[in-house]
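In what follows, a single structure is set out as structure tokens and then discussed.
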Amino acid sequence: MNWIDRLERKYSRFAIKNLTKYLIIGTAFVFIISLFDDFRYIEALLTLEPSLVMKGQIWRLVTFVFVPFVGSFWIIFVLYIFYVFGTALERYWGSFRFNLYYFIGVLAAIVAGFLGEFWGGKVTSEFLYMSIFLAFAYLNPNYELLLFFIIPVKVKYLAWFDVVFTVLSIIFRPETRITALLSFTSFVVFFGKEVFDVYLLPSVKRLDRKRRRKKFKVIVSSVKTPEIVYTCCICGRTSKDHPELKFAYCFKCGSDYEYCQDHLKNHEHVIRR
């Protein structure tokens, strides 16, 4: 039993059921009400501003997740995608695990917001949505999604686009650099060990085996095999100087006397005492 199982057994009763629906309703409400002139600045009151949080506006630690990061028609598409993936994950994991995954991402976003206060940057719910999509794509890589409600695409390909987009955001978007970097926190917590064991560890082991084989070859090649030189006890010729000759022992004289092929059968046998 891992630590997530232990937390679930102890605190599952505190999980918010249908969290995805509440997030979508809250986001849609903020988007719609911001369309009216009297409330067009409402988003500015809900975004995560660490300096204002430190002054007592602690609601911003929660309300920033309801601030849409896209406008116009795109909000419909984004909320639809989030609904599909979020509800599917909650059905697969259960409410507690889905809550834990999402709120780890929220906590990472808050940390990114406070770090961004020193290094510059801002926090939106953009990468929270992406982390949910990445989890769904990892668990269901061959699920087909109708892109723009028309084009069927497997989510594993969109997941790679998600990863590339996040990496590019880390490199080229200073204002979201820290948030994008920490957006992988939930995924790493839930799937990091599995990804390492299944995809990275075999490659590491292969590289280690190649390194060991290469090292062994170097050691073996550096060890010199001693050269055996035979010397005919009659003519004095050696196997080193005359590799064309064959040398052997006489079965009557024993192994103390070596003979070349010319004298092996043409010599006076040594009498043993």
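With respect to Phe216, is the statement that it is farther than 30 Å from Leu89 by Cβ, modelled with pLDDT under 75 and not charged (D, E, K, R) true? Walk me through how you get there before you give the answer.
Values: farther than 30 Å from Leu89 by Cβ: yes; modelled with pLDDT under 75: yes; not charged (D, E, K, R): yes.
For Phe216, the condition - farther than 30 Å from Leu89 by Cβ, modelled with pLDDT under 75 and not charged (D, E, K, R) - is met.
Taking only region 185-194 into account, find how many residues are under 15 Å from Asn2 (Cβ atoms) and either open to solvent by less than 40 Å² (accessible area, probe 1.4 Å) or in contact with a strand residue (DSSP E or B) (Cβ under 8 Å, 6 or more places away or on another chain) (or both). So that I can check it myself, show each step before the final result.
Filtering region 185-194 down to residues under 15 Å from Asn2 (Cβ atoms) leaves 188-194.
Next, only the ones that are either open to solvent by less than 40 Å² (accessible area, probe 1.4 Å) or in contact with a strand residue (DSSP E or B) (Cβ under 8 Å, 6 or more places away or on another chain) (or both) stay: 190-192.
The qualifying residues number 3.
Where the second residue is in a helix (DSSP H, G or I) and of a type in the set (A, V, I, L, M, F, W, C) and the first is on the phi < 0 side of the Ramachandran plot and lies in region 7-28, which pairs have Cβ atoms under 6 Å and are six or more apart or on separate chains?
So the pair list comes out as Glu8/Phe96; Ser12/Phe96; Ala15/Phe96; Ile24/Leu79; Gly26/Phe66; Thr27/Phe66.
Every residue in region 14-26 that is farther than 13 Å from Phe98 by Cα and open to solvent by 40 Å² or more (accessible area, probe 1.4 Å), please.
Answer for region 14-26, where residues must be farther than 13 Å from Phe98 by Cα and open to solvent by 40 Å² or more (accessible area, probe 1.4 Å): Tyr22, Ile25.
Which ones in region 1-37 are among the β-branched types (Val, Ile, Thr) and either modelled with pLDDT under 85 or assigned to a helix (DSSP H, G or I) (or both)?
Result: Ile4, Thr20, Ile24, Ile25, Thr27, Val30, Ile32, Ile33.
For Phe133, all conditions in the list (1) touching a helix residue (DSSP H, G or I) at 6+ places or on another chain (Cβ under 6 Å); (2) modelled with pLDDT under 80; (3) not small (Gly, Ala, Ser) hold save one; what is the number of the exception?
Against the list (1) touching a helix residue (DSSP H, G or I) at 6+ places or on another chain (Cβ under 6 Å); (2) modelled with pLDDT under 80; (3) not small (Gly, Ala, Ser), Phe133 comes up short only on (2).
Could you check, for region 94-106, whether at least one of its residues is hydrophobic (A, V, I, L, M, F, W, C) and assigned to a loop (DSSP other than H, G, I, E, B)?
Quick first cut of region 94-106, residues hydrophobic (A, V, I, L, M, F, W, C) only: 96, 98, 100, 103-104, 106.
Filter once more, so that each one left must be assigned to a loop (DSSP other than H, G, I, E, B): none.
Checked against the condition, which is being hydrophobic (A, V, I, L, M, F, W, C) and assigned to a loop (DSSP other than H, G, I, E, B), region 94-106 yields no hits at all.
Looking at the structure I just gave you, is Val111 at pLDDT 85 or above and either in a helix (DSSP H, G or I) or among the charged types (D, E, K, R) (or both)? Step through it out loud before you land on a result.
Working: at pLDDT 85 or above: yes; either in a helix (DSSP H, G or I) or among the charged types (D, E, K, R) (or both): yes.
Against the criterion (at pLDDT 85 or above and either in a helix (DSSP H, G or I) or among the charged types (D, E, K, R) (or both)), Val111 qualifies.
Taking Val111 as meeting all but one of (1) crowded, with 20+ Cβ neighbours inside 10 Å; (2) more than 21 Å from the chain's Cα centre (by Cα), write down the number of the exception.
Failed condition: (1).
The values are calculated or read from the model by the stated rules, or taken from the named source; none is laboratory data. The structure presented is a predicted model; accordingly, all values stated were derived computationally and were not measured. Cβ atoms come from the backbone with ideal geometry, glycine included; neighbour counts cover every protein chain shown. Quick note on the areas: whole protein, heavy atoms, side chains included, nothing else; ligands and nucleic acids left out. Shrake-Rupley method; radii C 1.70, N 1.55, O 1.52, S 1.80 Å.
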